[in-house]
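Quick notes on the structure that follows.
Just so you know, all these numbers are worked out from the coordinates, no wet-lab data involved. From a predicted model like this one, the values you see are computed outputs, not experimental measurements. Every residue, glycine as well, gets a Cβ built from its backbone with ideal geometry; the counts of neighbours run over all protein chains shown.
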Amino acid sequence: MIKIAVNPKKSYFKCPKCKIQGKHIRYIFQGIHNSEEFSCNKCKTTYIWDLPIGHSHDFDFKFNLKTKEAWSNHPAAISWFTIPYQKALENPQADTIKVTYISNRKVKNPLIINCIDYLYGHGLLKLFNIQRHLKVHKKYDIVLIIPKSLLWLVPNEIAEIILVDIKLSQARNYYPSLDSEINKYISKFKTVALSKAYAHPEIDDISVFTKQQSCEKVREERITFIWRNDRPWFNNIYIVYAFKKLNIISILNYLQYLKVILLFSILFRKNKKYIYTVAGFGKTFSFPKWIEDVRTNTFSDKTERYLCKVYAQSKLVIGVHGSNMLLPSAHAQMTLDLMPDDRLGNFAQDIVYETKRSSDLRYRAFISRYAYLNTSISTIAKTIFSMLNHSHEAKKMFTVTEGK
Ligand SMILES: [Zn+2]
């Protein structure tokens with residue numbers, strides 16, 4: 001976490017040109033970004049520097065809003081983060097974003113976690129920082145800034161929730177009404193702590209959030225494919241892009257549908273004891289009756305909780321890389337993640353591994369597998385057979401209790 005004074009005399013940052021400490025002007029709580037605007041007394045220039053929170057912890061950047069000159073430790077930060085943020089600040093939105101406060105106890109020493117993001121998975125991962133703060137920052141009162149879609153995941157121990165009625169598609173915009181609301185909130189204190197909201201925090205136990213224990217013991221376990229309409233099981237990114245543009249992505253989804261049936265048919269021949277299940281988003285095409293279809297077209301607290309139960313009852317979940325794999329991998333016993341070529345750099349970012357299960361890296365590797373998206377169905381089936389057949393012995397082999 002980082003502690004900031006609400007009204008500091010000096011900026012936290014130095015002028016990128018003169019290398020002298022800047023003069024604080026204001027904090028900007030744009031939505032995703034938590035920034036400081038500051039000026040340099042020497043070159044008389046005003047800069048905006050994003051505080052090291054969320055992805056800005058890894059993709060640090062600052063810029064001059066007038067000249068568009070930007071500095072960053074990472075080339076991707078300019079196109080991905082800086083330019084959209086500059087544009088947002090230049091085009092403030094007049095609409096008022098509704099903010100509701102849910103107070104569980106009086107906040108004296110706030111530690112604020114901002115979970116707003118334009119990508120669902122990013123917001124969810126920021127929320128997972130709660131578990132670390134509850135363990136190591138006990139003297140603080142945790143305050144969450146969250147969109148409504150994450151409310152069902154909030155643990156009981158949170159002191160206060162600032163519930164923001166903002167859609168994912170709006171989260172990159174600059175709403176002065178939201179900025180002034182958050183600034184008004186922090187003005188009640190002299191200092192506030194801001195969570196670094198790491199983009200990929202470790203978590204010990206998913207049930208802290210979903211109230212659903214992972215690896216639920218059931219008589220009939222499932223093998224579950226995580227369906228997603230917008231990222232089908234098809235490896236040519238150019239064709240996926242073109243088909244989306246032409247609004248004919250359903251053709252690739254039909255291919256995905258056939259692949260799921262073929263894979264499950266191969267698995268079913270040797271393993272009839274499992275409930276073969278399709279879960280996830282987008283209820284297109286009808287599966288044969290021996291495949292249980294629990295996909296949904298709309299998410300509510302009820303469907304989210306039910307799906308977490310399905311994941312927890314799964315011996316294995318399989319799906320194409322993406323935020324759709326976060327909650328399934330957190331709850332299921334094992335995961336097989338299919339990696340598209342254009343996502344190889346995002347390896348493992350969509351997988352949640354509960355640290356309570358094992359500290360042995362070999363066991364973690366056994367239960368969290370990856371395959372290239374163009375891997376043949378036959379090889380994927382063989383990989384799944386090996387995981388199903390050897391998971392019990394792997395757990396025994398890779399668990400050493402003596403001396404611990
Ligand atoms: Zn300067």
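Tell me, how many Å apart are the Cα centres for the stretch 263-290 and for the stretch 1-22?
Using only Cα atoms, the two centres lie 56 Å from each other.
Give the separation of the Cα centroids, the stretch 343-357 to the stretch 136-155, in Å.
With the stretch 343-357 and the stretch 136-155 each reduced to a Cα centre, they are spaced 22 Å.
Fewest Cβ neighbours within 10 Å first, please rank Ser177, Ser286, Ser149, Ser195 accordingly.
Result, fewest neighbours first: Ser286, Ser177, Ser149, Ser195.
Place a +1 charge on the Cβ of each Lys and Arg in the chain and a -1 charge on the Cβ of each Asp and Glu, then give the dipole magnitude about the Cα centre in debye, rounded to the nearest 20.
Using Cβ point charges on Lys, Arg, Asp and Glu, the chain gives about 580 debye.
Taking amide hydrogens as modeled 1.01 Å from N in the peptide plane, which residues meet the under 5 Å criterion relative to Ala197, leaving out close sequence neighbours?
It is Gly54, by chain and number.
Treating the angle as unsigned and between 0 and 90°, give the value, to the nearest 10°, between the Cα long axis of helix 301-312 and the longest Cα principal axis of the chain.
So the inclination is approximately 50 degrees.
Using the alpha-carbon atoms, what tilt in degrees (0 to 90, nearest 10) does helix 249-270 show relative to the longest principal axis of the chain?
50
Using only Cα atoms, locate the centre of the stretch 64-114 and the centre of the stretch 168-197, then give the distance between them in Å, rounded to an integer.
One Cα centre to the other: 8 Å.
Along the positive direction of the dipole of the stretch 2-90 (beta-carbon charges: Lys, Arg +1; Asp, Glu -1; about the Cα centre), which of Gly54, Gly31, Ser11 reaches farthest?
In the stretch 2-90, that residue is Ser11.
Where does helix 176-186 land angle-wise versus the long Cα axis of the chain, in degrees 0 to 90, nearest 10?
Approximately 80 degrees, to the nearest 10.
If you count, for each residue, the other Cβ atoms within 10 Å and average over each peptide, how do 242-252, 74-84 line up from highest to lowest?
Those peptides, ordered most packed to least, come out 74-84, 242-252.
From Cα pairs below 8 angstrom and at least 6 apart in sequence, can you work out the relative contact order of the stretch 2-90, rounded to a whole percent?
Here the relative contact order equals 15 percent.
Helix-only mean residue ellipticity at 222 nm, the chain, DSSP H runs n ≥ 4 weighted -39,500 (n - 2.57), per residue, nearest 500. What is it?
Working: 11 runs with 116 residues, N = 404.
Estimated from H runs of four or more residues: -8500 deg cm²/dmol.
Who wins for biggest fluctuation among Asn34, Asn346, Asn173 in a Gaussian network model of the chain, springs between alpha carbons below 10 Å?
Maximum among the listed residues: Asn346.
At a threshold of 8 angstrom on Cα-Cα distance, excluding pairs fewer than six apart, so keeping six or more, what relative contact order does the chain reach in percent?
14
Which of these, Asp205, Asp141, Asp341, has the largest mean-square fluctuation under a Gaussian network model of the chain (Cα springs below 10 Å)?
So, out of Asp205, Asp141, Asp341, the one fluctuating most is Asp341.
What's the magnitude of the charge dipole for the stretch 99-202 around its Cα centre, counting Lys and Arg as +1 and Asp and Glu as -1 at the beta-carbon? Answer in Debye, nearest 20.
That gives the stretch 99-202 a dipole magnitude of about 380 debye.
Based on other C-beta atoms within 10 Å, arrange Arg26, Arg269 from fewest to most. If you can, show how the numbers build up before the last one.
Numbers: Arg26 12, Arg269 9.
The most exposed by this proxy come first: Arg269, Arg26.
Can you tell me the order of 296-308, 126-138 when each peptide is scored by its average per-residue count of other Cβ atoms within 10 angstrom, highest first? Before the final figure, lay out each step's value.
Details: 296-308: 14.4, 126-138: 18.2.
Most protected by this proxy first, the peptides run 126-138, 296-308.
List the residues whose amide H sits under 5 Å from the amide H of Gly282, counting only those 5 or more places along or on another chain, with H placed 1.01 Å from N in the peptide plane.
Long-range HN contacts for Gly282: Thr296, Asn297.
On a full-extension model of 0.36 nm per residue, what is the gain between Arg105 and Leu134, subtracting their alpha-carbon distance, rounded to one decimal in nm? Show your work: numbers first, answer last.
Values: separation 29, 0.36 × 29 = 10.44 nm, distance 1.52 nm.
Length gained, Arg105 through Leu134: 8.9 nm.
Among Ile261, Gln349, Asn229, whose Cα lies farthest out toward the positive end of the dipole of the chain, if unit charges sit on the beta carbon of Lys, Arg (+1) and Asp, Glu (-1)?
Gln349
Using the Cα centre of the stretch 210-351 as the reference point, and only Cβ charges (+1 on K/R, -1 on D/E), how large is the resulting charge dipole? Debye, rounded to the nearest 20.
Charge dipole, the stretch 210-351, about its Cα centre: 460 debye, nearest 20.
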